[in-house]
Amino acid sequence: MPVAPSRPSSSSDSLSARTALMKHAARDAVDYLEGVNARPVAPRPEAVAALNALRGPLPAGPTSPEAVLHLLTEFGSPATVANGGGRYFGFVNGGCVPAAMAAAWLVSAWDQNAAFRVQSPVAVALEETALDWVRQLLGLPEGCGGAVVTGATMANFAALAAARHALLERAGWDVENDGLFGAPPITVVVGEEVHTSLLKALGMLGLGRNRVVRVPVDGQGRMRADALPHLNGQTIVCLQAGNVNTGAFDPAGAICPEARAAGAWIHVDGAFGLWAATSPDYRRLTKGFEQADSWATDGHKWPNIGYDCGIAMVREPKSLRAAMSVQAAYLAQAEHHEQREPSHYNPELSRRARGVELWAGLRSLGQSGLAEIVERTSSHAKRFAVGLRAAGYQVLNDVVINQVLVSFGSAERTLRTVERLQQEGTCWCGSTVWQGQAAMRISVSSWMTTKEDVDRSLAAMLKAAAE
């Protein structure tokens with residue numbers, strides 16, 4: 001039964017009750033974090049079934065905050081996936097470094113709206129600083145503009161909206177005001193291994209998921225530079241920095257000069273691969289991508305900043321502003337016209353101060369810390385590949401960064417191995433189909449993963465395959 005909250009007799013009582021609740025929540029969160037690496041990575045079926053305790057109709061009256069927190073801790077925590085531990089290798093999901101996590105808690109307490117500078121000077125200042133740090137870390141040109149968004153899908157959306165604006169403006173069309181009906185056509189060129197998030201962004205922009213020109217790829221999923229179609233000033237070429245299956249990089253050094261000479265807009269989907277630029281050992285993989293016009297990446301992958309953190313960067317900020325700016329009389333009074341306002345570069349108006357978490361994570365890691373995450377997780381991926389090959393299984397990709405694809409034989413056996421591994425709980429990997437062949441995909445992305453985690457997970461993989 002819901003418990004009605006007691007009504008505080010004064011503001012001091014209310015503040016005391018809130019403080020006690022927050023301290024309780026912090027204890028529960030710390031307890032969860034301390035146990036996350038000792039539990040099965042996937043929640044047990046009974047924990048998922050117990051979520052029914054959180055369903056049902058909304059109570060007619062209030063429930064005390066303490067009771068709500070208890071419900072979340074008792075039934076919610078056991079039903080989570082242990083993404084914050086060291087043995088989750090699914091979907092290129094990183095963990096969350098301590099400074100970014102702590103900043104996220106503080107951001108919730110601050111309760112800031114990062115839409116305009118007047119609403120939160122600190123949110124805007126830290127977002128601007130973090131964006132410039134990202135630009136420098138990724139080796140992008142000076143003068144780039146950017147936006148901190150929810151993830152790579154929205155980063156692709158924002159950057160491609162800037163591309164759409166620039167190309168149609170060049171053709172004499174105002175797409176933001178007049179729409180796409182009757183607009184000059186834009187050709188979008190992608191590789192056969194284009195990520196679905198980029199296609200989703202194209203669909204939302206009215207450029208079409210199926211109207212793209214697909215370029216053949218090689219055995220690692222890299223776009224073939226020799227197979228490019230005719231390019232011109234009404235073309236968007238979408239390159240990939242880090243294939244989600246193999247980790248491979250499109251040959252930007254060969255494609256970008258041709259595309260720039262043709263006047264095409266070059267966009268890079270680099271959700272995780274672009275961060276290889278932070279490492280002296282892997283920077284060579286990103287050579288040539290700095291020639292592009294826009295870039296999309298994620299903070300929740302290799303930088304391990306946590307979720308709700310994507311970054312869009314555009315060489316010419318005016319194109320991003322033109323695509324995203326908002327006009328309203330009541331908003332005009334909030335603007336500092338001589339300074340950057342986030343809402344003119346972002347799909348959203350009211351928004352969480354997510355740039356604070358990005359700032360905190362980057363500040364805590366520094367350049368060497370980011371490089372260390374890239375190098376260590378890539379080394380772990382190679383360790384997986386060596387162990388799997390030694391056991392007689394086929395690694396399907398060149399392990400260039402943190403991605404490993406392995407076949408355990410037939411499609412049936414491979415998928416059965418993945419299912420057994422997920423149920424056993426030592427680690428979690430997903431399945432995929434790579435160029436017609438079923439495979440298990442290992443994505444090593446978390447700062448938490450140790451050699452011991454790799455060895456323990458490798459043993460579980462081999463046991464699941466042997467069964």
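The values are calculated or read from the model by the stated rules, or taken from the named source; none is laboratory data. Remember, it's a predicted structure, so these values are computed and weren't measured experimentally. We place every Cβ from the backbone using ideal geometry, glycine too, and count neighbours over all the protein chains shown.
Brief remarks on what is shown
- Among the residues of segment 400-437, those that are buried (at least 20 other Cβ atoms within 10 Å of the Cβ) and either at pLDDT below 95 or aliphatic (A, V, I, L, M) (or both) comprise Val400, Ile401, Val404, Leu405, Val406, Val418, Leu421.
- Residues (surrounded by fewer than 18 Cβ atoms within 10 Å (Cβ to Cβ) and under 17 Å from Ile373 (Cβ atoms)) located in segment 448-467: Thr450, Lys451
- Single unsatisfied condition, Gly425 versus (1) in contact with a Pro (Cβ under 6 Å, 6 or more places away or on another chain); (2) without any contact (Cβ under 8 Å) to a residue 60 or more places away in the chain; (3) of a type outside the set (Ser, Thr, Tyr): (2)
- Failed criterion for Pro59 (all others in (1) exposed (fewer than 13 other Cβ atoms within 10 Å of the Cβ); (2) assigned to a helix (DSSP H, G or I) hold): (2)
- Cβ-Cβ under 8 Å pairs, at least 6 apart or on other chains, segment 87-107 side assigned to a loop (DSSP other than H, G, I, E, B), far side β-branched (Val, Ile, Thr) and surrounded by fewer than 24 Cβ atoms within 10 Å (Cβ to Cβ): Arg87/Thr426; Val92/Val244
Okay, residues lined up against (1) under 28 Å from Ser445 (Cα atoms); (2) touching a residue at least 60 places away in the same chain (Cβ under 8 Å); (3) out of contact with any strand residue (DSSP E or B) (no Cβ under 6 Å at 6 or more places or on another chain):
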residue: Lys23; (1), (2), (3): no, no, yes
residue: Pro40; (1), (2), (3): yes, yes, yes
residue: Ala49; (1), (2), (3): no, no, yes
residue: Ala60; (1), (2), (3): no, no, yes
residue: Ala67; (1), (2), (3): no, yes, yes
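- Every residue from segment 301-314 that is farther than 17 Å from Leu198 by Cα and either surrounded by 22 or more Cβ atoms within 10 Å (Cβ to Cβ) or among the hydrophobic types (A, V, I, L, M, F, W, C) (or both): Trp302, Pro303, Asn304, Ile305, Gly306
- Within segment 348-365, tally of residues that are farther than 21 Å from Thr153 by Cα and surrounded by fewer than 17 Cβ atoms within 10 Å (Cβ to Cβ): 2
- Residue match in segment 322-340 (condition: over 30 Å from His267 (Cβ atoms), without any contact (Cβ under 8 Å) to a residue 40 or more places away in the chain, of a type outside the set (Asp, Glu) and touching a Lys or Arg at 6+ places or on another chain (Cβ under 9 Å)): no
- Test set (1) outside the structural domain of Ser197 (by TED's automatic domain parsing); (2) surrounded by 14 or more Cβ atoms within 10 Å (Cβ to Cβ) - Ala390 fails condition number: (2)
- Single unsatisfied condition, Thr153 versus (1) hydroxyl-bearing (Ser, Thr, Tyr); (2) in contact with a helix residue (DSSP H, G or I) (Cβ under 6 Å, 6 or more places away or on another chain); (3) farther than 30 Å from Ser431 by Cβ: (3)
- Which listed residue, of Trp105, Trp173, is within 19 Å of Gly361 (Cβ to Cβ), surrounded by fewer than 23 Cβ atoms within 10 Å (Cβ to Cβ) and of a type in the set (Phe, Trp, Tyr): Trp105
- Scan segment 266-293 for residues that are touching a Lys or Arg at 6+ places or on another chain (Cβ under 9 Å) and farther than 30 Å from Asn83 by Cα and the total you get is 4.
- Among (1) polar (S, T, N, Q); (2) without any contact (Cβ under 8 Å) to a residue 12 or more places away in the chain; (3) touching a Pro at 6+ places or on another chain (Cβ under 9 Å) - the single one Asn210 does not satisfy: (3)
- Selection status of Arg321, under 14 Å from Ala161 (Cα atoms) and surrounded by fewer than 24 Cβ atoms within 10 Å (Cβ to Cβ): yes
- Subset of segment 207-225 [under 23 Å from the mean Cα position of the chain (by Cα) and in a loop (DSSP other than H, G, I, E, B)]: Leu207, Gly208, Arg209, Gln220, Gly221, Arg222
- Candidate set from segment 131-170 (those that are part of a loop (DSSP other than H, G, I, E, B) and in contact (Cβ under 8 Å) with a residue 12 or more places away in the chain); member that is surrounded by the fewest Cβ atoms within 10 Å (Cβ to Cβ): Gly143
- Within the set Leu140, Leu199, the sole residue that is closer than 23 Å to Asn245 by Cα and of a type in the set (A, V, I, L, M, F, W, C) turns out to be Leu199.
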